[in-house]
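The values are calculated or read from the model by the stated rules, or taken from the named source; none is laboratory data. Please read these numbers as outputs of a predicted model, since none were measured by experiment. Ideal geometry is used to build each Cβ from the backbone, glycine not excepted, and the neighbour counts take in all protein chains shown.
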Amino acid sequence: MSAAAVRVEDVSMDYETPGGRVRALDGISLEVSAGESLSIVGPSGCGKSTLLGLIGALDVPTAGRVRIGEDEVSGLGERERAALRRGVCGFVFQADNLHPFLTVVENVGFQLALHGADGGAERCVELLVRLGLADELGKLPDQLSGGQRQRVAVARALIHRPAVILADEPTGALDAGNSERVIDLVIAVGGEIGATLVMVTHDPEAAARMDRTVTLRDGRLTTAGVIAHAR
Amino acid sequence: MLARYAWRDLTRNPRRTVAAAIGITLGVGLFSGVLFFIDGSGASMTRRAIAPLALDLQRVLTSPLGARLELTERLTPIRAPGAGNGVRVALTVTNHGTVPAHEVVVGDELAPGLAYVGGTTTRDGRLLRDPGAGTPLAQGLARSGLNLGAVPPGRTVRLVYVAKSAHPVPAAALRPRAQISSQQSIVPTRANVPSQLTLGELAARVRRIPGVAHADGLAFVDLPPGSLSVGGVTTPDTVRVFGFDRAYAAHYPAIRTVAGSFAAGRGALSAEAARTLRARPGSVATLRLPGARGPVPVPIGGVADLSAARSLFNSRRSTDLESFLYVPSSIVLDLETFRRRVVPAFQMASAAHGTATKSLPLEELDVLVQRSRLRSDPGAALAQTRAIARAVRAIAPEQDYQIDNISNTLQVARDDAAVAKRMFLFLGIPGALLAAFLAAFAGGILALAQRREQANLRIRGADRSHLLRMLAYRTLALAGAGSVVGTALGLLSVIAILGSTNVFEASTAELALSALIGVGVGMFTTALALYVPGRRSLQGEIGQERGELVSRPEPAWRRLRLDFVLLAVLVAGEAVALGTGVFDAPPGSVYEGRAVSLPTALLLAPVVAWIAGVMLSLRVFDALASRLPLPAATGFGTPVWGILVRSLRRRSWTLAGGTSAVALVVAFGMSLAIFTATYDAAKGADARFLVGSDMRVTPSVLSTRPHPSSFASRLRTGPVRVVAPVVFKPQNAVLTSSFNEDQVSLAAIEPAGFARVAPLSGASFPGGNGKRRLAALRRDPRGALINARTADELKIGKGDRVQVLFARGTRRQALVALRVVGIFTRLPGFPQGVQVVANLAYYASATHSDRPDFFLARTAAHGPADLARATAALRAGPGRGDRLTIDTTRTALDKDQSSLTALNVKGLLRLDALYTLLMAAAAIGIFVFGLILQRRREYVTMRAQGMRTGELRRLVLGETAAVTVFGLAAGMLVGSVMGYLLVRVLRPLFVLDPGVSLSLLGTLTLVALVAVATVASALAATALLRRLRPTELLREA
C-alpha cells in the first residue's frame, strides 16, 4: 500500500438548522492509502455523506483538516476546490444525477470537457461500450433503465481517470443484479486507473468488497467498527 | 392540520412564496389601479368639462321688443249643423302695446277627428271667404295662417269658425292650438299663454329655483358704423350696445373694469371704443338709434376690457355657439336704461310699416348654476342640470327658447366618460391577463418544485385529497394575500399619479366597489391560474423531475395553431374596419357637442395581436433554438457553451415559458411606450396646429401702442426665431363668386413668414403641398387661398376670380378682386375656421390699415422650458410696458377643453408604464428563480463535477439572457404592432392624424430594465446556488 491518498484529521462539521446548531461530524480522523478502497457504513443520519462531501471538497469542515494527496482541501478556496473536483475526484451518487438534456455520450463527455480534455468522444465511447452501453450512446437519460443510467454515472465518474472515486450509496436505487454489476465496474475500472475508492453504503455485501470498512455512529468513528477485509 | 402545514410551507419558503405572490400582486395592482383610476378621473370629469363654459343656461326672449299682442282661444262644444257634434272656435287678438303690430298672422289647426265647416269663419262678425277647401286659418300645404295686416295699439280683432265631428269630441281635442306672430315677433306664440314676463320678473323667479346660483338679464343690439360718438369723434366700426347691470359684471369676471365703474344711469365703453373716441369716465357719448327722434346722450361712467368676455360675444346661433364674435366698439348701458331708451327706439323703427330693421335687440336671461353642488360624476351632474333646466323652462314656457349649454356639455362629458371607462378597461385587461399569466407561470414552477415534497407526504400517508386540500389552502392564501396587497398597491399608485384629492373625489361606494372587484377578480383569476397547474402536477408522476424534457406535451394552442387563427382573425377584422372607415371618426369636442367615438370592439385588436404575436414568437423561438449548431462534432465544446447550447436546443419549450413572460410584459410596455410617445407628439402637433406655431402673441385691447406688421421684428428676441403677423377676425369679410356670396372669416398673412412659423404638415391642401400654395400667394399679392367647403358652396375653383370685401363693417372696408391660387381644407392657427386667406401686404394697402390681430412666433426649440424662456424674453423685451397676451402650445394644451382632457389618458399610461416595468422585472425574477428551483440538483451536480461558480453564473446568465433577449426582441416587435393598432383605434382622440412615434427613452428604459433585471436575477440566483448543500441534494434519489 502506498502513501495516503486521503487523510482526514480531527474533522468536525456543524450545521445551522432552524432548531439550532447540529454537529454532524465530531473529531473524525482516518486515512485511505492510494489505490485502497474504503467503505463507510453506519445508520442513517450518522454523517456518512457529510464525510464523503468533505473528502470530495464539496464542503469545508468546521474544524480539522482534509487532505487529498498533498493538497489540504479544507484550506482551499472555492475555485481551487472546483479544480480539485474536476481533476482529482469522481463522484457516483445513489441518484444518477445525469443531466437530462445531454445524451449518454455527452453526459460523460461533459466531465472530460470540464477536465479540459475536449474532443475525447472516442474515449467516452470506448468506456461506455465497455460498460455495456454501446447501443445507448445517443439516447437521453429518460430513455434508459435505472441500471443503465447508473452505469452512465459510473462512466462519468471515471472518464477523467480520477485519483479518488467517491461513491455515495451507488447501488441504493438498484436491484441486486444491477447493484453487483455497478460495484464490479467501479472496482474494476477504479483498480485499472489506480484510483482510491471511498464508498458510503448500507449494503454489507458491497461494503465487504472494499479493502476496509469504517463505521460511523452519531458523527464519530467507532473503533470497533474498523474492519480490514481480506481481498 | 393541513391548513397549518400549508401555512408553514408558505412561511418557511419565503422566496418561493414571494415569487408566486409578486406576479399576482403586480397584476392585481394594475387591474385594480385601472378601476381606481376610472373612479378618480371620472370624478373630476364634471369639474373639468364645465370649467371653460362661459354660460350655463340662456333663456332668449323671442319677442324682445315687448310686443304686447295677446291671442286668446275659446272652444265651445255645440251641435254642428247637419252633424251630431261640433265646436265653435273663437280667437281674440288684442294689441296691448303702444305701437302698431304689423303683419299679424293667426294660424289654427284642427284637432284630429274635427273637420272645418266651410263658410263659417268670420272676422269681427264679417264672413271671410274660404281659400279652396280649407280653413282661412290653415291655408294650403304649408298650413299658413291668416294675415290680419296691422293691428293698431289698443285694438281687438275677433275671429270665429265652426268645426264638426262624426263622433263626440274628446275633451283633450279641445285644447287651444292657435298661434300668433307679427313682424316684431316672428316666432309664433301659442294662444292663451300668460302675459309675457319682463326680464326682471323672469330673473326673480328663476333665482328661486334650487341649484341656480345667479340669473342676470342681458340685452344687446348691433348698430351700424357711425352710431357712437363722443364729442366730435365717431367710431368707424359697427357698434354693439349692451344692457346689463353691475351684478352681471360681477358674476362674469371676464368683464374687467379698467377705469371708472359700472353705475346705474351711466354707460361704460369698451377699451377700444374709449381709445378711438378718446373718451374717459365723465365724457358723454351719443348713440344714434334707429327709430329714435334724435341722438341719445349717455354719460360715461367707466371703461371696460370686454375682449375676453365670452358670455357677451359668443355666437347665439345654434350652429356655432362657441364662436367668439368680438365687436371691439361696444358700449354698456344698465338694463333699465337699455329697456327705457333702446328698446322703444327699435319698437318705433319696427312699427314703421314696411321698414325692416336689420338687427333687432336681443334679450336673454343668463343663468349660472351652483357648480359646487353638482355631482362629480358627469352622468349624475347631467341629471341635476337637466332638472334645473326643466324648472327654468317651466316658468313662462311660451315666450322664449332656452339654450342649455351646461347640460349639453355634461352630456358630452358623460358619453366621453362611458367611452373612457370602456377604453380604460381595455387598457386594464392586459394587467389582469398578466396577473393570471404570472400566477400560472409561478404556479407551474412552484408545482414542479413541490413534487418531491408531495412525494414525501404521500410516503407518510397523505392521499390525493389531502394534497389537493393543501393546494387549495396554499392557493387561497397566495391569491388572497396577492389580491389584497395588489389592490392596496393599485390604490396607492393611483393616488401617486392623480393625487389623493382627485381620487377621493369619487364616492366611497365607488371606491369600495372597485376594491371589491379588484380583490374578487384578482382572487378568481390568479387562484385559478395557481390551482390548475398545481392540480395537474398532482396527477403526474410523483418524484419524476425529468418530465420537463421529453414528457411535456405540446401545448394545445400550438397543436390547434391558435396563433395563426388569431392572426387571421385580426387581419380580417382590421381589413373590414378599414374598408368601412371605422378609423375615420372625427375627434371629440365638448364645444361641438360631440363625444369621442371609439370603435370599442377594435380595442380588442391590440389584445389579440398581443396574445397571437407572443404565441407565434414562441413557435419561432422553439424553431430557432432547436436549430442552434452544436459547438463541435466530436467533442463537447467548452463546458459553459456546450451545456448552454444543448440546453437551449433540447429544452427550448421549457424556456419558452420565460420567453413568453418577458415577451408579454415587454410587448405591453412597448405598446404603451409607442402610444405614449405618439400621444405626446400628437398632442404637441395638435397644440401647434391650434396655436398656429409655438407661440401666439396678441396685443391687448388695453395696449396704447401701435402694433403694425413691423412689430414682428421686435418680437424676434431670445429664443424666438421667426415671427409672422396675421390679420384675422371671425366673419370679417364677404366673399362673392359669380354664383353667390357669403360672409366669411378672412386671414391676411405674410406667405413667406407664415410658411416658416406654421406647422404646414398638419395643413391640408388638396393636390399640392402647403409651401407651394403659400409661394403662389406670395408671388401673386392679389391671390387668395379658399377653404374647400366654401369653394364648393360658392362654386369657386382654382384660377377663378372672386370679389372680397375686406374689413367688413368697418370704415376701412374695401371691395377687391382676387384670383384663387389654391384650395385648402384646413390651416394651422385658426381653430375657429378660416375661409379665405389673402396676402397681408395687399390687405394693408387696400384697407389703409396695418394692424395685425396677432403674431405667430416660432422658437428655436419646442420644449416647455424653451417656451418658458421665450415667454420670459418677450415679457422682458417688447412686452415691457406693453400689454401682450402670450399663448404657447403649452398653454393651449392646458386649455384643451376637448373630451381628451377629461379622459386623462396620460395618467393612465403612466400607471400602466409603472406596472409594466415592475412586472418585467418580476417576470424575469420569477423565471430565474424558477429555473433555480427546477434545476438546482442539475446545477449542484455540475458543481460536484467541478464546475466553478463563475462558470455556473455564466451558464445561468446565458440561459436567462437567451430567454430575455429573445423575449425582448419578440416583445418589442409584437409591442410595435400593438402600439400601431392602439394608435389607430384611438385616432379620434386627436385633431390631426397621429403618425406612430417611438420614444427612444421609453424603449431604452424598458431594455435597460430588462437587462438589469436579467443580470441581477442571474447573480442573485448563483449566489443562492452557492448556499445550497450539495451533499444533501445529490444523495436524494
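What to note about this one:
- Residue selected from the range B:291-307 under the condition buried (at least 19 other Cβ atoms within 10 Å of the Cβ) and part of a loop (DSSP other than H, G, I, E, B), by the criterion modelled with the highest pLDDT: B:L306
- Contacts under 7 angstrom Cβ, first residue in the range A:173-193 being in contact (Cβ under 8 Å) with a residue 12 or more places away in the chain and crowded, with 21+ Cβ neighbours inside 10 Å, partner part of a helix (DSSP H, G or I) and among the hydroxyl-bearing types (S, T, Y), 6 or more apart: none
- Enumeration of residues in the range B:106-116 that are surrounded by fewer than 19 Cβ atoms within 10 Å (Cβ to Cβ) and within 48 Å of the chain's Cα centre (by Cα): B:E109, B:A111, B:P112
- Residues of the range B:619-653 satisfying the condition of being under 47 Å from the mean Cα position of the chain (by Cα) and either closer than 18 Å to B:I924 by Cα or surrounded by 20 or more Cβ atoms within 10 Å (Cβ to Cβ) (or both): B:F621, B:W653
- Considered as a group, the residues in the range A:94-106 that are in contact with a Lys or Arg (Cβ under 8 Å, 6 or more places away or on another chain) and under 15 Å from B:Y939 (Cβ atoms) include one that is farthest from the other protein chains (Cβ to nearest Cβ), and that residue is A:L98.
- Residue satisfying all of: in the range B:383-412; touching a Lys or Arg at 6+ places or on another chain (Cβ under 6 Å) and farther than 16 Å from B:E201 by Cα; surrounded by the fewest Cβ atoms within 10 Å (Cβ to Cβ) among these: B:Q402
- Within the range B:478-532, the residues that satisfy the criterion of being among the aromatic types (F, W, Y) and surrounded by fewer than 19 Cβ atoms within 10 Å (Cβ to Cβ) are B:F504, B:F524.
- Answer residue from the range B:131-163, given it is under 22 Å from B:A115 (Cα atoms) and among the charged types (D, E, K, R) and is nearest to the chain's Cα centre (by Cα) among those: B:R143
- Out of B:L955, B:L1006, B:L981, B:L1019, sole residue that is assigned to a helix (DSSP H, G or I) and within 14 Å of another protein chain (Cβ to nearest Cβ): B:L955
- Breaking point among (1) in contact with a helix residue (DSSP H, G or I) (Cβ under 8 Å, 6 or more places away or on another chain); (2) within 11 Å of chain A (Cβ to nearest Cβ), for B:F966: (2)
- Among the residues making up the range B:857-888, those that are surrounded by 14 or more Cβ atoms within 10 Å (Cβ to Cβ), not in a helix (DSSP H, G or I) and not polar (S, T, N, Q) are B:A857, B:R858, B:H862, B:G877, B:P878, B:G879, B:D882, B:R883, B:L884, B:I886, B:D887.
- Residue in the range B:830-865 that is nearest to B:V726 (Cα to Cα), counting only those that are touching a residue at least 40 places away in the same chain (Cβ under 8 Å) and among the hydroxyl-bearing types (S, T, Y): B:Y843
Residue by residue, here is whether (1) buried (at least 19 other Cβ atoms within 10 Å of the Cβ); (2) under 29 Å from B:R240 (Cβ atoms) holds:
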{"site": "B:K729", "(1), (2)": "yes, yes"}
{"site": "B:T736", "(1), (2)": "no, yes"}
{"site": "B:E741", "(1), (2)": "no, yes"}
{"site": "B:K771", "(1), (2)": "no, no"}
{"site": "B:D780", "(1), (2)": "no, no"}
{"site": "B:G783", "(1), (2)": "yes, no"}
{"site": "B:L805", "(1), (2)": "yes, yes"}
{"site": "B:A817", "(1), (2)": "no, no"}
{"site": "B:F824", "(1), (2)": "yes, no"}
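- Search result, residues across the range B:429-473 that are charged (D, E, K, R) and either in a helix (DSSP H, G or I) or closer than 23 Å to B:F929 by Cβ (or both): B:R451, B:R452, B:E453, B:R458, B:R464, B:R469
- When the range B:172-219 is filtered for residues that are under 33 Å from the mean Cα position of the chain (by Cα) and under 17 Å from B:A391 (Cα atoms), the ones remaining, listed by number, are B:V206, B:R207, B:I209, B:P210, B:G211, B:V212, B:A213, B:H214, B:A215, B:D216.
- Taking helices (runs of 4 or more DSSP H) as the structural unit, those lying wholly within the range A:17-119 and holding at least 3 residues that are more than 15 Å from the chain's Cα centre (by Cα) correspond to A:78-87, A:104-115.
- Subset tally (residues that are among the basic types (K, R), assigned to a loop (DSSP other than H, G, I, E, B) and either free of Cβ contacts under 8 Å to residues at least 12 places away in the same chain or surrounded by fewer than 13 Cβ atoms within 10 Å (Cβ to Cβ) (or both)) for the range B:117-154: 1
- Checked against the criterion of being under 26 Å from B:Q934 (Cβ atoms), over 38 Å from the mean Cα position of the chain (by Cα) and modelled with pLDDT under 90, the range B:481-501 contains one or more residues that satisfy it.
- Residue within the range A:144-157 that is basic (K, R) and more than 13 Å from chain B (Cβ to nearest Cβ) present: yes
- Subset of the range B:633-660 [more than 11 Å from chain A (Cβ to nearest Cβ) and at pLDDT 85 or above]: B:T659, B:S660
- Residue ID - nearest to the other protein chains (Cβ to nearest Cβ), chosen from residues in the range A:1-29 that are of a type in the set (A, V, I, L, M) and surrounded by fewer than 19 Cβ atoms within 10 Å (Cβ to Cβ): A:V22
- Residue pairs meeting the criteria (Cβ under 6 Å; at least 6 apart or on separate chains; first over 12 Å from A:G219 (Cα atoms), in the range A:37-48; second of a type in the set (G, A, S) and not in a loop (DSSP other than H, G, I, E, B)): A:S39/A:A207
- Residue match in the range A:159-167 (condition: closer than 26 Å to A:L54 by Cβ and either within 7 Å of chain B (Cβ to nearest Cβ) or in a helix (DSSP H, G or I) (or both)): no
- Evaluated against (1) buried (at least 17 other Cβ atoms within 10 Å of the Cβ); (2) free of Cβ contacts under 8 Å to residues at least 40 places away in the same chain, B:L1001 falls short on exactly one condition, (1).
- Any hit, the range B:620-631, residues being away from chain A (no Cβ under 14 Å), part of a helix (DSSP H, G or I) and either small (G, A, S) or within 23 Å of B:Q945 (Cβ to Cβ) (or both): yes
- Evaluating A:V32 against the criteria (1) surrounded by fewer than 23 Cβ atoms within 10 Å (Cβ to Cβ); (2) closer than 18 Å to A:V200 by Cβ; (3) more than 13 Å from every other protein chain (Cβ to nearest Cβ) leaves one unmet condition, (1).
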